[in-house]
């Protein structure tokens, strides 16, 4: 198992000159929480995709942890970010856990349960999802009549009916490496943002008859992403309370 952490984003909504993943929670850069958790799952087999203020992110992470860094020179979306990390995967890697550098509350035991379920079911793709009361802004989980996962639709591309779905994508995946390498070449940027969405691997995998599953996590707080200073304050409050 290898872990790829996506930590290259600009974070424009933070209204700050500092790279998003370097904003601090209780005096520590948020990305360091994610790296620490990733290392509990995959040891030293952790790759950070960096881009915005890459050298600063590399410097701060390297002070605390041993990790491999992959550079995303252009911000072309999450699918492109993961493809930048593929050359850094070892030959022994069979499965890849994909995390977000701005989701610092995710716990190692949740990820272990998630990856164990993925391996036991011999899946090509597993997705971690949660159910929340207000899903606005999140990618919605799409299923067929048999409740098989068929795809993820981003808020900007969702129909009014799809926006009512309250099971959302956390951005955390576990993918068989061989499939991941193949499917990333098939993603196209034909969406509202003109980006290569990692989420598209679900729809492509479904059409190709791959084994796809979803685990619904039991604590939405764990997968709270930080996009604004308000989010940062909320996550810091949760961390300070110890209720995670």
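For beta carbons closer than 7 Å, sequence separation of 6+ or different chains, a first residue in the stretch 222-244 that is at positive phi and assigned to a helix (DSSP H, G or I) and a second that is modelled with pLDDT under 95 and loosely packed, with under 14 Cβ neighbours inside 10 Å, there are no qualifying pairs.
Residue under question is residue 57, and the condition is that it be over 22 Å from residue 197 (Cβ atoms), modelled with pLDDT of 95 or more and either in contact with a strand residue (DSSP E or B) (Cβ under 7 Å, 6 or more places away or on another chain) or assigned to a strand (DSSP E or B) (or both); does it hold? Yes, satisfied.
When the test is whether a residue is touching a helix residue (DSSP H, G or I) at 6+ places or on another chain (Cβ under 8 Å), closer than 15 Å to residue 68 by Cβ and modelled with pLDDT of 95 or more, residue 42 does not pass it.
Only a single criterion out of (1) farther than 24 Å from residue 120 by Cα; (2) out of contact with any strand residue (DSSP E or B) (no Cβ under 8 Å at 6 or more places or on another chain); (3) surrounded by 14 or more Cβ atoms within 10 Å (Cβ to Cβ) is not satisfied by residue 158, namely (2).
Considering (1) over 29 Å from residue 191 (Cα atoms); (2) loosely packed, with under 13 Cβ neighbours inside 10 Å; (3) touching a residue at least 24 places away in the same chain (Cβ under 8 Å), the lone condition that residue 62 does not fulfil carries the number (3).
Elements of the type strands (runs of 3 or more DSSP E) sitting completely within the stretch 111-203 and holding at least 2 residues that are farther than 17 Å from residue 216 by Cβ and touching a residue at least 60 places away in the same chain (Cβ under 8 Å): these cover 167-176.
Taken over the stretch 46-78, the criterion of being closer than 16 Å to residue 175 by Cα and in contact with a helix residue (DSSP H, G or I) (Cβ under 6 Å, 6 or more places away or on another chain) is satisfied by 46, 47.
Of 23, 80, all but one fail to be buried (at least 18 other Cβ atoms within 10 Å of the Cβ) and either over 30 Å from residue 190 (Cα atoms) or modelled with pLDDT under 95 (or both); the exception is 23.
Conditions tested, residue by residue: (1) more than 23 Å from residue 177 (Cβ to Cβ); (2) modelled with pLDDT under 95.
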position: 192; (1), (2): yes, yes
position: 197; (1), (2): no, yes
position: 210; (1), (2): no, no
position: 216; (1), (2): yes, yes
position: 234; (1), (2): yes, no
position: 237; (1), (2): yes, no
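The values are calculated or read from the model by the stated rules, or taken from the named source; none is laboratory data. Keep in mind the model is a prediction, meaning the values are calculated, not measured. Neighbour counts run over all protein chains shown; Cβ positions are idealised from the backbone, glycine included.
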